[in-house]
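The values are calculated or read from the model by the stated rules, or taken from the named source; none is laboratory data. All values reported here derive from a predicted model rather than from experimental measurement. Here the Cβ is made from the backbone with ideal geometry for all residues, glycine too, and neighbour counts use every protein chain on show. Accessible surface is based on the protein model in full, side chains and every heavy atom, while ligands, DNA and RNA are left aside. Shrake-Rupley method; radii C 1.70, N 1.55, O 1.52, S 1.80 Å.
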Amino acid sequence: MTDARTETEPVAVPGEAARPKVGLADRDGFLAWAMLLPSVVYIAALVGVPFLLAVAFAFSDVTTGDPSFDFVGFRNFTAVFDDGVFWRALRNTLVFTLASMALIVVFGKILANILVAEFRGKWFVRFLVLLPWTTPVSLSTISWLWFLDSIYSPVDWVLRHLGLIDGNVVWLGRPGTAMASVIAVQTWRLTPLAAVIVMAGLVAIPRDVDEAARIDGAGFWRRMFEVTIPLTLPVIAVAGLFGAIMTFTDMTVPFVLTRGGPTHSTDVLASWAYFRGIEGGDVGQGAAIALFLFPLLLAGAVAILRAVRRLEAG
């Protein structure tokens, strides 16, 4: 007599493993694209579209009074390159960026060493260090307008009582002191970010390396230059890259403090693009100036990233 179950049960094929049904939540490829999609949409909407519009405006005669689009070729770039203020703004941008980046890296390294040290009240010190970064840039820059006022400046009051100056200094009214003031405020604003980045690198240094250097009799400065700095150079370079990008494209500090003055001595490319394109009404030339930032920033970023890769490989 034949068993009835043999007619209904499926015949198992030898060597064939059971294949469980995989849902979307278990597919790595789907999850990767799902996680990246918001960032892609964000970058495309807030970076890609404005960039394409800037390219289109740079080759047009669009103004605030006449928004009609007419292709003019390289006429806006020719007019920009013939403008002496543009070259002065370019020079100011390079000075502003390089000086600020150097100071940001140095003070960021010093603050990072303070933040990783163990002492009482460290939480309060960390709060004070992060305060410039968390404060809105326009609000903090307006407060610096009072600090650097030619009559009521508390900075001048302190310097007078220390015997360093005899009278008030016109910080924002002279080309040299105005550029120095802009660099100082930018450094004060971005140093906390560099300190946090470098602090992450310091924490990642293996303790046995530092302990071995101590056992060998290495002092603080020898450990600093032979152990700490070489091991954190890639992180320091990344901190410098962030500082350079945020300084090179920033116009808030020069705009609020000096509005590019006196006599364009603190104008940078970003602020001159705004003055020319928005306040001046020539949108095409303003877009051409702003677009000129892109190749310079790209070249600087590629150079720093290549240096970081060489440091990591070495």
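Against the test of being more than 19 Å from G261 (Cα to Cα), outside any helix (DSSP H, G or I) and of a type in the set (V, I, T), the options I151, I165 yield a single qualifying residue, I165. Residue count for the stretch 12-44, restricted to those that are part of a helix (DSSP H, G or I) and either at pLDDT below 85 or surrounded by fewer than 10 Cβ atoms within 10 Å (Cβ to Cβ) (or both): 15.
Highlighted here are the helices (runs of 4 or more DSSP H) found entirely within the stretch 248-314 that include at least 1 residues which are at pLDDT below 85: 283-313. Restricting I151, I165 to residues that are among the aliphatic types (A, V, I, L, M), without any contact (Cβ under 8 Å) to a residue 40 or more places away in the chain and surrounded by fewer than 10 Cβ atoms within 10 Å (Cβ to Cβ) narrows the list to I151. So which residues in the stretch 200-240 are of a type in the set (D, E) and open to solvent by 70 Å² or more (accessible area, probe 1.4 Å)? Of everything in the stretch 200-240, those that are of a type in the set (D, E) and open to solvent by 70 Å² or more (accessible area, probe 1.4 Å) turn out to be D208, E211, D216, E226. Annotation: R310 fulfils all but one of (1) basic (K, R); (2) without any contact (Cβ under 8 Å) to a residue 12 or more places away in the chain; (3) under 18 Å from F74 (Cα atoms); the unmet one is (3). Exactly one of (1) at pLDDT 90 or above; (2) touching a Leu at 6+ places or on another chain (Cβ under 7 Å) is unmet by M101. Its number? The one condition M101 does not meet is (2).
Is it fair to say A204 is farther than 24 Å from L305 by Cα and out of contact with any helix residue (DSSP H, G or I) (no Cβ under 7 Å at 6 or more places or on another chain)? So A204 does not fit the description; no.
For (1) of a type outside the set (D, E, K, R); (2) open to solvent by 30 Å² or more (accessible area, probe 1.4 Å), each residue gets a yes or a no:
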{"position": "M101", "(1), (2)": "yes, yes"}
{"position": "K109", "(1), (2)": "no, no"}
{"position": "T135", "(1), (2)": "yes, yes"}
{"position": "R160", "(1), (2)": "no, yes"}
{"position": "V170", "(1), (2)": "yes, yes"}
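The listed residues are A54, A89, A117, A99, and the only one of them that is within 22 Å of T252 (Cβ to Cβ) and out of contact with any Ser or Thr (no Cβ under 9 Å at 6 or more places or on another chain) turns out to be A54. Among residues of the stretch 292-304 that are in contact (Cβ under 8 Å) with a residue 40 or more places away in the chain, those with a Cβ under 7 angstrom from a residue that is hydrophobic (A, V, I, L, M, F, W, C) and open to solvent by 40 Å² or more (accessible area, probe 1.4 Å), sequence gap 6+ or separate chain, pair up as L297/I245; A301/I245.
Filtering the stretch 119-133 to residues that are in a helix (DSSP H, G or I) and open to solvent by 70 Å² or more (accessible area, probe 1.4 Å) leaves W123, F124, R126, F127, L128, L131, W133.
When I197 is tested against the conditions (1) under 30 Å from I289 (Cα atoms); (2) buried (at least 16 other Cβ atoms within 10 Å of the Cβ), the lone failure is (1).
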